[in-house]
Every structure is written in C-alpha cells, then in structure tokens.
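The values are calculated or read from the model by the stated rules, or taken from the named source; none is laboratory data. Values in this document were obtained by computation on a predicted structure and should not be read as measured data. A quick note on method: Cβ atoms are made from the backbone with ideal geometry, for glycine too, and the neighbour counts reach across all protein chains shown. When the accessible area is computed, the model is the full protein with side chains, heavy atoms only, and any ligands, DNA or RNA have been set aside. Shrake-Rupley method; radii C 1.70, N 1.55, O 1.52, S 1.80 Å.
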Amino acid sequence: PMTIKLLIALAAMAASALPQTTGRLANSMSAADKAVVVVTPDWDAVQGTLQRYERAHGTWQQIGAAIPVVVGRSGMAWDPRIARAYPGVDAGPIKHESDGRSPAGIFHLKQVFGFSASLPGVDNYLPIAAGTECVDDIHSRSYAQIVDRQKVATVDWNSSEKMRDVPGYRWGAVVDYNMENTVPGDGSCIFLHQWSGPTSGTAGCTAMSSADVETLIHWLADDRQAVLVQLPRSEYQARRGKWHLP
C-alpha cells in the first residue's frame, strides 16, 4: 500500500509540474514592462534576431526594428530549471557549463554594466573595474556570480572571466541565469554584450554590434522590469500563447 501511495504521489507531482512552470513563466512576462526577444532558426543556429518590446495599455508594442545577433557558438539549450519541471522540453538540448550554448527560456535582466565609472542617472549600473570577475569554476562558492576579487575574503576559484579584459564587455547587461539558488554545472556568466563579428558565436552569451548594444543598454537603463526571452523559432511559436510572449 505504501508503494502504491508513493507512486500516486510522484505521479501527481509530475502532473502538476507543467502548469506550475507554465504559470511561473507567464507570470514573469506579466510582471515585465520591457521584453528583449531573441529568436534563432533552430537549436544549433548561431545567428538570430533581437526585437525590443514595451508594454503599453496592457499590450506589447514593438520598439524599433529587429537587429541581428549571435548566440552561443553551439546554438541554444534549455534552461535546466525549465527542463527539470517541464516534460515538454525533452526534445531540445539542456544547458550545462562550457557547452557553448545560450540558455533558452525567460530570464530577468538584472542590471546594465560597462567600462565607464558611472552612467549618469542610472541606478542599476555596474561599473566593470580591474578586479571585476565572473566566476565559472563549478567548485567555487562564488560560482555564477560577479565579484570584485579585491573585496572577496577568500578567492576559492581557479577559473573566471576577468571582465575588464574582454573588449565586448564595454557595454552589456547581466542576464539573471543561474545566479539565484545556483546549481553547480548548470552554466554561468550569461550577458548581452558587443560581438566580435556577425558570424562569431559566443561562449553562451548573446551579442550584437557596438551601436546596437549601446542602444539596448540605454533603453534598459531605468527602473522598469525587463526580461529576456530566448528561443528557437519553433519553440517561440509553440509557447507564445501559454507564456504570454509578445
């Protein structure tokens, strides 16, 4: 009897995972005032487009024209948190550290950053200094976090991105991917930033031209809540209604 009860409980949990996850993602969209939508032709595509949207009178309004972007050098892969809870995504790849794929899903955009010491009038700006690093060592307590090496009590990592040394980080935005309730190995250091070229994929970020990233950063630089939506085109079309996508 206990075994049967356990099986029934597990089946109920699995059945409830889909609506809970769908509801969480839809709520993320409902709470957002701005959306950055990145779509690629398929899971393995490196090139795609980015379109900005703002909510006006309860509906999404397109801002500007779509711009070309590149994603990870291996394409996209599902955010593991979605994959763990959502039975319908098992057909796509699942993201993990160092896979060269950009995460697919819906993510908050935490803050904008750049090499300048400040961005006048912007509260959510992170200046990238000589000691600013994003830790990608899965064994570190600071894994997937942006830290100042000079202010950390114990440097317990063997691998990190020294952000000031990356020309593409002159302007950028922090994607809230695996930064809260962090799972070691699920991936780290995901940003929107300047590309090194229109055909050069990234290690997992989404990149665009210098002019386009500057426009994007200044557009994001206010206190309105913004999200990043990244999906291959077929997945975007399939989930547009359920997830309240633009």
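Residue by residue through the stretch 132-139, which ³J(HN,Hα) values in whole Hz follow from phi under the Karplus form 6.51 cos²θ - 1.76 cosθ + 1.60 (θ = phi - 60°), with glycine and proline marked x? Going residue by residue, I get 6, 9, 10, 8, 10, 7, 5, 8 Hz, with x marking Gly and Pro. For the chain, a crude dipole built from +1 on the beta carbon of Lys and Arg and -1 on the beta carbon of Asp and Glu, taken about the Cα centre, is about 540 debye to the nearest 20. Per-residue 3J(HN,Hα) values for the stretch 25-37, derived from phi via the Karplus relation 6.51 cos²θ - 1.76 cosθ + 1.60 with θ = phi - 60°, read 5, 5, 5, 4, 5, 5, 7, 7, 9, 9, 9, 10, 10 Hz in sequence order (x marks Gly and Pro).
Checking Cβ-Cβ separations below 4.7 Å across the chain identifies 205 as cysteines lacking any candidate disulfide partner.
Rounded to whole numbers, the Karplus 3J(HN,Hα) couplings from phi for the stretch 92-109 are x, x, 10, 5, 8, 4, 6, 8, x, 10, 7, x, 9, x, 10, 9, 6, 9 Hz, using 6.51 cos²θ - 1.76 cosθ + 1.60 with θ = phi - 60°, and x at Gly and Pro.
The residue among 40, 187, 202 whose Cα reaches farthest toward the positive pole of the charge dipole of the chain, with charges on the beta-carbon of Lys, Arg, Asp and Glu, is 40. Between 96, 57, 139, the Gaussian network model of the chain with springs among Cα atoms under 10 angstrom shows the greatest mean-square fluctuation at 57. Distances between placed amide hydrogens fall under 5 Å for residue 63 paired with 52, 53, 54, all partners being 5 or more residues away or on another chain.
Annotation: amide H-H contacts under 5 Å for residue 77 (H modelled 1.01 Å from N, sequence separation of 5 or more, or interchain): 102, 104.
Sorted largest first by accessible area at a 1.4 angstrom probe radius, with every protein chain in place, the residues 39, 112 fall in the order 39, 112.
Full extension of the chain between residue 129 and residue 47 yields a length gain of 26.5 nm, computed as 0.36 nm times the residue separation minus the alpha carbon distance. A crude spin-label estimate for the pair residue 63 and residue 27, with each label 7 Å from Cα along the Cβ direction, gives 2.5 nm. Taking a quarter of the surface of the Cα convex hull of the chain gives a mean projected area of 15.1 nm².
Accessible surface area normalised per residue over the chain is 47 Å², counting heavy atoms of protein chains with a 1.4 Å rolling probe. Pairs of Cα atoms nearer than 8 Å and 6+ residues apart set the relative contact order; for the chain it is 26 percent.
In this structure, the pairs whose alpha-carbon distance is over 27 Å, taken from 95/151; 34/151; 34/95, are 95/151; 34/151. Calculate what fraction, in whole %, of the accessible area of the chain sits on carbon and sulfur atoms when a 1.4 Å probe is rolled over the protein chains. Solvent-exposed carbon and sulfur of the chain make up 53 percent of the total.
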